[in-house]
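The values are calculated or read from the model by the stated rules, or taken from the named source; none is laboratory data. Since the model is a prediction, treat every value here as computed from it, not as a measurement. Cβ sites come from the backbone with ideal geometry, for glycine too, and all protein chains shown count toward neighbours. When the accessible area is computed, the model is the full protein with side chains, heavy atoms only, and any ligands, DNA or RNA have been set aside. Shrake-Rupley method; radii C 1.70, N 1.55, O 1.52, S 1.80 Å.
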Amino acid sequence: MTYKLKYFNMRGRGEDIRLLFAAAGVKFTDERISNEDWPGVKDGTPWGQLPTLEINSATTRQTLAQSVAICRYIARKFSLTGANEWEAAKCDEYVDAVVDLFAEWVKFVFEPDADKKAKAKEAFVKVHMPAKLKKLNMLKNENGGNFLVGKNLTWADIFIADKLERLETSVGPKVLDGYPHLRKLKEAVFNVDKIRAYLAARPEAAM
């Protein structure tokens, strides 16, 4: 089985997928589509969007779209969903909560009007982000570890750590001040050997 990720030359919605492959120790082709080439690629994607994941075997070639669906597929395939159905469901819950938060994040990041952008960012920083981060920071792992669910690393840890890094880049480096458990989570994920090796070697790219 071989895997090909198609995404732009940026981190964005593709970085969670790259991190999951790294954590699983699975090789994949990281095809980065240029802005110039994108119009010729778009019509060949399931929903006119990237990322997509091509899964090839000796007899089949399948394509999966939508970034969270791809993440969930990799997590299931390579045992990153926790130890049982309940832990897998909690992974889904935490990821969905962060997806909701980033639906607000895109409202200021991609807003072209300067005044609207400033207002949307203020609402995100003062209302939406603190509400979600406070709740996430209060989550306690019953096993006493730094990860969110169970005893071991899950895809929810990886997905959320990546998003926390994105907040530090787009909002400010002190964004996790006051959220010590989230800071520990991010550090724990990025210190997993395979992930640390990936981070040390990953190419420079826009967030």
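General remarks:
- Extending 7 Å from the Cα toward the beta-carbon at both PHE110 and GLU54 defines two label points whose distance is 2.5 nm.
- Cα-based reach from LYS107 at 16 Å (exclusive), listing aspartates and glutamates while leaving out same-chain residues under 8 positions away: ASP115, GLU122
- Descending semi-axes in whole angstrom, ellipsoid equivalent of segment 11-65, from the Cα gyration tensor: 20, 16, 9
- The calculated FRET efficiency for the pair ASN191 and LEU139, based on their C-beta separation and a Förster distance of 30 Å, comes to about 0.95.
- Rounded, prolate or oblate (a/c below 1.5 giving rounded, otherwise prolate when a/b exceeds b/c) for segment 103-189 by Cα gyration tensor: prolate
- Adding -39500 (n - 2.57) for every DSSP H run of four residues or longer, then dividing by how many residues the chain holds, sets the calculated 222 nm ellipticity at -16000 deg cm²/dmol.
- Positive-end extreme of charge dipole, segment 108-199 - chosen from PRO112, ALA188, MET129 (charges on Cβ): MET129
- Formal net charge of residues neighbouring GLY25 (Cβ-Cβ distance under 11 Å; K, R +1; D, E -1): +1
- Percent accessible area from carbon and sulfur atoms, segment 56-119, protein chains only, probe 1.4 Å: 53
- In the chain, excluding the sites themselves, the longest stretch lacking any of the chymotrypsin sites (Phe, Trp or Tyr not before Pro) that are in a DSSP loop with at most 11 other Cβ atoms within 10 Å is 111-207.
- For segment 1-93, trypsin sites (Lys or Arg not before Pro) are listed when DSSP marks them as loop and at most 12 other Cβ atoms sit within 10 Å of their Cβ; the list is LYS27.
- Potential lengthening between THR63 and LYS4 on full extension [0.36 nm per residue; Cα-Cα distance subtracted]: 20.3 nm
- Sequence of ASP43, ASP96, ASP162 when ordered by accessible area, the most exposed leading, probe 1.4 angstrom: ASP43, ASP96, ASP162
- Amide N proximity, segment 136-171 versus ALA123 label position 7 Å along Cα-to-Cβ, cut-off under 20 Å: 167, 170-171
- Considering only GLY178, GLY82, GLY44, the mean-square fluctuation computed in a Gaussian network model of the chain, springs between alpha carbons under 10 angstrom, is largest for GLY44.
- Residue range of the chain that is longest and free of GluC sites (Glu not before Pro) which are both DSSP loop and sparsely packed (at most 10 other C-beta within 10 Å): 37-141
- Sum of side-chain charges, MET129 neighbourhood, beta-carbon under 13 Å (Lys, Arg +1; Asp, Glu -1): +4
- Surface analysis of the chain yields an accessible area of 55 Å² per residue, using protein heavy atoms and a 1.4 Å probe.
- Shape call, segment 1-122: gyration tensor on alpha carbons, a/c limit 1.5: oblate
- Label point of ASP92 set 7 angstrom out along Cα-Cβ; within segment 42-68, no amide nitrogen lies under 12 Å from it.
- Projected-area average for the chain over all orientations - Cα convex hull basis, square nanometres: 12.6
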